[in-house]
Amino acid sequence: MSFDPARVRAICFDLDGTLNDADDAMVDRLARWLPGHDHKLARRIVIGIETPATWGFILLDRVGLSKPMMGLLNEYYRSRMNRKTTSYSAVPNTMDAVRALAPHYKLAIVSSRWEATTLYFLDEHHIRSHFSCIATALTCKHTKPYPDPVLWVASQMGLRPDECIMVGDTTVDMLAGKAAGAQCVGVLCGFGTKGELLHAGADVILSSTADIPELLGLGSAKNHMESEG
């Protein structure tokens, strides 16, 4: 495992479990229904559901059925956004990390989410303007773990893929980044484990996305934002 911060000119972020705390929110909701509000059991159940669901979507992508399905889902969630009153929580301190990184690097989103909820999250946390480009489920012919969206955002930013890092919490993020030729940073604030992220090609493992500024020599996100304030 090796990581070269000197090569980095852009950072590509996954959304769920990387910037958006949706995974923990799902665990919390499920735990309320379990005896003793067992969060450990809730997390195991959600992981057990999410992993086959992710690879099921990848299978649909391979046979050309994912785009029609995601198009319908995107329109459904776009209509819901007009009525939405609940909030999407961010992984702690990641919004400060994004703001600390933005003056120094080009930033991109590489998500398998539909466009409507991706943009809603970025707008809710007032960070959309920090991103040079945004790839969602319908942007490219194939989504992660194919390299297509990572290659697309690199091209949009006028960079080579090896000048980018792909940051994510799952194996599909690492596989997409590696296939594109990017360096990969696995984060443990979502559902991925250290072992599986390393096996999928992570060059470095961090506890949280909030640790990216420190990895790149900018100091902690919290300290950076306090010094600017």
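Observations on the structure shown:
- Scanning segment 158-182 for residues that are assigned to a loop (DSSP other than H, G, I, E, B) and surrounded by fewer than 20 Cβ atoms within 10 Å (Cβ to Cβ) yields Gly158, Leu159, Arg160, Gly181.
- Restricted to segment 188-229, and to residues there that are in a helix (DSSP H, G or I) and of a type in the set (Ser, Thr, Tyr), the residue that is modelled with the highest pLDDT is Thr209.
- Thr143 in contact with a helix residue (DSSP H, G or I) (Cβ under 7 Å, 6 or more places away or on another chain) and closer than 17 Å to Thr209 by Cβ: no
- Within segment 6-30, being modelled with pLDDT under 95, in a helix (DSSP H, G or I) and in contact with a helix residue (DSSP H, G or I) (Cβ under 9 Å, 6 or more places away or on another chain) holds for Ala22, Asp23, Asp24, Met26, Val27, Asp28, Arg29, Leu30.
- In segment 113-129, the residue that is farthest from Lys141 (Cα to Cα) out of those that are touching a helix residue (DSSP H, G or I) at 6+ places or on another chain (Cβ under 7 Å), of a type outside the set (Val, Ile, Thr) and assigned to a loop (DSSP other than H, G, I, E, B) is His125.
- Within segment 122-139, considering residues that are at pLDDT below 95 and under 23 Å from Ala200 (Cβ atoms), the one most open to solvent (accessible area, probe 1.4 Å): Thr139
- First in segment 88-115 and more than 11 Å from Cys12 (Cα to Cα) and open to solvent by 40 Å² or more (accessible area, probe 1.4 Å), second anywhere and outside any loop (DSSP other than H, G, I, E, B) and among the charged types (D, E, K, R), Cβ under 7 Å, 6 or more apart: Asn93/Lys222; Asp96/Lys222
- Residue count for segment 140-157 under the criterion of being part of a loop (DSSP other than H, G, I, E, B), open to solvent by 20 Å² or more (accessible area, probe 1.4 Å) and modelled with pLDDT of 95 or more: the result is 1.
- Any hit, segment 154-162, residues being of a type outside the set (A, V, I, L, M) and either touching a residue at least 60 places away in the same chain (Cβ under 8 Å) or touching a Gly at 6+ places or on another chain (Cβ under 7 Å) (or both): yes
The values are calculated or read from the model by the stated rules, or taken from the named source; none is laboratory data. This one's a predicted model, so the numbers in the text were calculated from it and none came from an experiment. When we count neighbours, we look across all protein chains shown, and the Cβ atoms used for this are built from the backbone with ideal geometry, even at glycine. Please note that ligands, DNA and RNA were not included when accessible areas were found on the heavy atoms of the full protein model with its side chains. Shrake-Rupley method; radii C 1.70, N 1.55, O 1.52, S 1.80 Å.
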